[in-house]
Amino acid sequence: MSPWVRIIVVINIAVFIWTSQNPEAQRALAFVPVLALQQPWTIVTYMFVHAGFGHILFNMLSLFFFGPQVELRLGGRRFLLLYFIGGFTGALGQAALGSNVGMVGASAATYAVFYAFAHFWPRAQVLVWGVFPVEARVMIVIMTAISLLGGSGIGIFGGNIAHFAHLGGFLGGWLAIRAFGVRSAIPRPVNTGKESRPRTPPAASAVERWKQIPLDRLHPVNRGEAERVLAKLTASGPASLTADEREFLDRFSGI
């Protein structure tokens with residue numbers, strides 16, 4: 001796990017153990033929209049409280065699988081901002097309903113992290129229930145549809161779930177990524193209809209450093225992208241790499 005993902009997971013587990021033995025503490029830390037002004041701290045504390053083992057397990061597994069890659073891509077400070085922005089906008093999304101029911105859980109924050117993952121690696125395969133492969137960008141659409149249906153109380157998608165908080169988490173992820181100005185890790189080709197100016201090739205030392213990247217130590221998503229860029233480097237030379245591709249290789253050349 002990456003540093004901040006590890007810290008967040010540890011805090012969540014510690015709070016879960018504590019509140020499991022202290023229901024009053026759980027109620028004091030939960031976010032109740034109609035009491036937000038009287039209990040402003042709960043817009044932060046609710047993110048670290050969970051209603052049961054299955055609840056915390058799902059959220060922490062999501063953070064474990066998607067958080068490290070996002071933290072590595074953004075850096076620790078921006079990753080934390082992403083996480084808390086998602087949690088805040090999730091609380092605001094639920095507050096829009098004017099509910100008097102307490103809300104707990106890191107779901108909105110982890111939804112923001114997953115949105116960032118899908119932004120950077122839209123074609124990465126996500127295994128639904130560990131079996132069915134779905135592209136990350138498609139999974140965002142599916143999860144949004146489920147939250148919209150659930151928030152409307154339609155059919156099996158209703159229940160005791162803060163669906164509008166999930167939508168708020170996606171919104172927070174989108175806002176954070178736009179504010180950071182970080183583009184997708186998979187560059188999009190741009191066809192201007194004109195011959196582009198030749199790029200200045202990187203220094204030979206940078207090329208040698210890139211070739212020494214330990215691919216076997218990378219996450220499969222990052223390894224696949226690194227292999228693609230390195231193959232392009234070998235086939236077309238360093239001048240063929242885009243600024244995003246050079247930045248991507250630089251991030252992993254120091255491992």
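Read-outs throughout are calculated quantities, based only on the coordinates presented, and are distinct from any laboratory measurement. Bear in mind that the values here come from a model prediction, so they are computed numbers and not experimental data. Heads up, the Cβs are rebuilt from the backbone with ideal geometry, glycines too, and the neighbour counts pull from every protein chain shown.
Descriptive notes on the structure:
- Residue exposure sequence - HIS166, HIS119 - by fewest surrounding Cβ within 10 Å: HIS119, HIS166
- Degrees separating the helix 163-180 axis from the principal Cα axis of the chain, which is the longest one: 40 degrees
- Packing around the peptides 107-116, 67-76, 38-47, taken as the average count of other Cβ atoms within 10 Å per residue, puts them in this order, highest first: 107-116, 67-76, 38-47.
- Using alpha-carbon coordinates, inclination of helix 53-74 to the longest axis of the chain, degrees: 30 degrees
- Extension gain, TRP18-ALA51: 0.36 nm per intervening residue step, less the Cα-Cα distance, totals 10.7 nm.
- Pair LEU149, LEU35: separation of 7 Å Cα→Cβ label points (nm): 3.4 nm
- Karplus-derived 3J(HN,Hα) values for segment 137-142, using 6.51 cos²θ - 1.76 cosθ + 1.60 with θ = phi - 60°, are 5, 6, 4, 4, 5, 5 Hz; glycine and proline are entered as x.
- The chain: calculated mean residue ellipticity at 222 nm from DSSP helix runs of at least 4, using -39500 (n - 2.57): -19500 deg cm²/dmol
- Dipole magnitude (debye, nearest 20) for the chain, charges at Cβ of Lys, Arg, Asp, Glu: 620 debye
- Label-point gap, in nm, between ALA243 and ILE7 - each point 7 angstrom along Cα→Cβ: 3.0 nm
- Estimated distance in nm for a label pair at HIS219 and ARG251, the labels positioned 7 Å out from Cα along Cα-to-Cβ: 0.9 nm
- Listed candidates [x] 28, 23, 17; [y] 27, 19, 18; [z] 39, 19, 16 - label of the one calculated as semi-axes √(5λ) of the Cα gyration tensor in Å: [z]
- Taking 0.36 nm per residue of separation and subtracting the Cα-Cα distance, full extension of the segment from ARG178 to ARG27 would add 50.9 nm.
- Residues whose amide H comes within less than 5 Å of that of VAL126, counting only those at least five positions distant or on another chain, are VAL134, GLU135, ALA136 (H built at 1.01 Å from N in the peptide plane).
- Degrees, to the nearest 10: 107-120 long Cα axis against longest axis of the chain: 10 degrees
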